[in-house]
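The values are calculated or read from the model by the stated rules, or taken from the named source; none is laboratory data. Everything numeric in this text was worked out from a predicted model, so none of it was measured. Ideal geometry is used to build each Cβ from the backbone, glycine not excepted, and the neighbour counts take in all protein chains shown. Note: accessible area is taken over every heavy atom of the protein model, side chains too, but ligands, DNA and RNA are not part of it. Shrake-Rupley method; radii C 1.70, N 1.55, O 1.52, S 1.80 Å.
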Amino acid sequence: MSNRRSRGAHGAVAFCLTLLGAHAAAVHAAPPAGIPLPLNGTSFHTYDMAFSADGERVCVTGYDIDDMGASVPVLVLVDRERGSAAWRKPIALPDVVATAYPVKCLVGAERVVLLTNAATGFTQPGSSASVYVYAFDLRGNPIASTRLAVPGQNQYGYTLAETPDRLTVAGYTMDADDKNERYATFTLHLDQRLQPRGAPLQRRNGAFAWPFGARLEGDSLYIAGTFFPATAPAGAAGAIMASRMKANGGYVWSTPATHVADVDVRFVVAPDGTTHALSIGPDNLTLTTIGPDGKAHPPSFQPGTYCSVASIAPYGDGVAAVVKPCKGKHNRLVTLSLRPDKGTIVKTLPNEPLYVATKAALWSALARAPNGKVYLYTGTAGSL
């Protein structure tokens, strides 16, 4: 899907932005030690990073470029307690797949699950997209894999969640002809062997396309991104929205995200359903927040010139994010709060940040050394 967004006005309420590298006279802690990872920092592109429920493990997924120039999904499990990578697995793709992009990894009590979107082509006639799910035990041994059987020309995964007896996957489908595109959302339950438990529930009431942020919590799917109605003219621009949907059908609420800048944007959903959009305008960063009840908070902005947002994660009442300044400067890890009086002391990482993830009071950040090696830095919220 193309990255299509509606334009929005800039917000008018300042938030607190603290750059890594800021210093406070009262705090002088040493930088955290990095865990070396078996990844190439010059070619690996991170798509997701997530903690286990107990915080002892972290999964990292993205894609790397092989010797033939093709993108290969990669999954890494990190043991935080031991301070080492437990294993690294390149994902074997069917021969019909031309390209694949990991969407979400999940570390359960006994296994690691990966959600991946794959395409048989790029924009050629006859190309299609499919959703694949892979499961590994905690030692990295393959357990099962499957291609989701969801009706539609193109299927894309949003996110997944695990309970003791099943895995739930949420996503959307898009069918197209010369005149129109037709969008629908779906949820599908899988058993421990990744076999479907019943038919997928498909709702032909529109869908969110990339870029998006999504989270399954209980019986609800919280999602934000570029929304398209059930039928849209081919090539139409979507609207930036946030929604809460029942996993078994129907919207609970939908709210426009009205102050999203138009250069670049990323979305994230906090565990309580709060949605954040961090976007880049010509001369500022804009934080747009919608609560779990669908009510929009006043937009917040920070002057500055940046070119892209690499990742965002919930942090306090706002987000932690990796942003890229323009003109070849190194990435910066920043924290953003809706409350100007709630500043956060942030320390410099020893290497250039690439990606950040959080879970309650825990945080982890991938960083790239000048020699291309990748390290995982991790700690508690007070140290970020």
Exercise. For the range 50-86, what are the residues that are in contact with a Ser or Thr (Cβ under 7 Å, 6 or more places away or on another chain) and more than 20 Å from Asn141 (Cα to Cα)?
Worked result: Asp64, Ile65, Ser71
Seminar exercise, completed: The one condition Phe15 fails out of (1) at pLDDT below 95; (2) surrounded by fewer than 19 Cβ atoms within 10 Å (Cβ to Cβ); (3) under 30 Å from Val265 (Cβ atoms) is (2)
Exercise. Could you list, in sequence order, the residues of the range 74-104 that are open to solvent by 30 Å² or more (accessible area, probe 1.4 Å), part of a loop (DSSP other than H, G, I, E, B) and within 30 Å of Ser128 (Cβ to Cβ)?
Worked result: Ala92, Leu93, Pro94, Asp95, Val96, Ala98
Problem set entry | Residue list for the range 318-334, restricted to those being open to solvent by 70 Å² or more (accessible area, probe 1.4 Å) and either in contact (Cβ under 8 Å) with a residue 60 or more places away in the chain or among the basic types (Lys, Arg) (or both) | Lys324, Lys327, Lys329, Arg332
Seminar exercise, completed: When every residue in the range 258-268 that is more than 15 Å from Ala214 (Cα to Cα) and hydrophobic (A, V, I, L, M, F, W, C) is compared, the one most open to solvent (accessible area, probe 1.4 Å) is Val263
Problem set entry | Checklist (1) more than 19 Å from Phe212 (Cβ to Cβ); (2) of a type outside the set (A, V, I, L, M); (3) assigned to a loop (DSSP other than H, G, I, E, B) applied to Cys307, failing item | (3)
Exercise. Does Leu354 satisfy being under 23 Å from Glu81 (Cα atoms), in contact with a Phe, Trp or Tyr (Cβ under 6 Å, 6 or more places away or on another chain) and crowded, with 23+ Cβ neighbours inside 10 Å?
Worked result: no
For this session: Report the residue count in the range 171-200 for those that are of a type in the set (A, V, I, L, M), surrounded by fewer than 19 Cβ atoms within 10 Å (Cβ to Cβ) and either modelled with pLDDT of 95 or more or in a loop (DSSP other than H, G, I, E, B) (or both).
Result: 1
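I'd like the full set of residues that are in a strand (DSSP E or B) and either of a type in the set (Phe, Trp, Tyr) or more than 23 Å from the chain's Cα centre (by Cα) (or both), limited to the range 204-216. Even if it seems obvious, please write down each step before you answer.
The initial filter retains those residues of the range 204-216 that are in a strand (DSSP E or B), namely 207-216.
Those that are in a strand (DSSP E or B) and either of a type in the set (Phe, Trp, Tyr) or more than 23 Å from the chain's Cα centre (by Cα) (or both): Phe208, Trp210, Phe212.
For Arg139, indicate whether it is at pLDDT 95 or above, open to solvent by 50 Å² or more (accessible area, probe 1.4 Å) and within 21 Å of Leu77 (Cβ to Cβ).
Working: at pLDDT 95 or above: yes; open to solvent by 50 Å² or more (accessible area, probe 1.4 Å): yes; within 21 Å of Leu77 (Cβ to Cβ): yes.
Considered against the rule, which asks whether it is at pLDDT 95 or above, open to solvent by 50 Å² or more (accessible area, probe 1.4 Å) and within 21 Å of Leu77 (Cβ to Cβ), Arg139 comes out as yes.
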For this session: Scan Tyr306, Tyr375, Tyr315 and give me the residue that is among the hydroxyl-bearing types (Ser, Thr, Tyr), at pLDDT 95 or above and crowded, with 18+ Cβ neighbours inside 10 Å.
Result: Tyr375
Exercise. Condition test on Gly108, is it within 22 Å of Leu160 (Cβ to Cβ) and either free of Cβ contacts under 8 Å to residues at least 24 places away in the same chain or open to solvent by less than 20 Å² (accessible area, probe 1.4 Å) (or both)?
Worked result: yes
Problem set entry | Residues (open to solvent by 30 Å² or more (accessible area, probe 1.4 Å) and either over 17 Å from Tyr158 (Cα atoms) or among the aliphatic types (A, V, I, L, M) (or both)) located in the range 230-253 | Ala230, Thr231, Pro233, Ala234, Gly235, Ala237, Ala239, Met241, Val252, Trp253
Seminar exercise, completed: For Ser364, the lone unmet condition from (1) touching a residue at least 24 places away in the same chain (Cβ under 8 Å); (2) of a type in the set (Gly, Ala, Ser); (3) in contact with a His (Cβ under 9 Å, 6 or more places away or on another chain) is (3)
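Tell me, which residue of the range 217-229 that is open to solvent by 20 Å² or more (accessible area, probe 1.4 Å) and within 16 Å of the chain's Cα centre (by Cα) is modelled with the highest pLDDT? If you could, list the steps in order and put the result at the bottom.
Taking the range 217-229 as the starting set, the residues that turn out to be open to solvent by 20 Å² or more (accessible area, probe 1.4 Å) are 217-219, 222, 227, 229.
From the residues that got through so far, the ones that are within 16 Å of the chain's Cα centre (by Cα) too are 217, 222.
Values: Glu217: 95, Tyr222: 98.
Looking at the filtered set, the residue picked out is Tyr222.
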For this session: Go through (1) closer than 23 Å to Tyr47 by Cα; (2) of a type outside the set (D, E, K, R); (3) open to solvent by 50 Å² or more (accessible area, probe 1.4 Å) one by one and return the number of the condition Gln155 breaks.
Result: (3)
For this session: Specify the residue that is most open to solvent (accessible area, probe 1.4 Å); the eligible residues are those in the range 269-302 that are among the hydrophobic types (A, V, I, L, M, F, W, C) and either in contact with a Pro (Cβ under 6 Å, 6 or more places away or on another chain) or over 15 Å from Val323 (Cα atoms) (or both).
Result: Ala296
Exercise. Does Thr159 fit the bill of being touching a Leu at 6+ places or on another chain (Cβ under 8 Å), touching a residue at least 24 places away in the same chain (Cβ under 8 Å) and more than 20 Å from Ser254 (Cα to Cα)?
Worked result: no
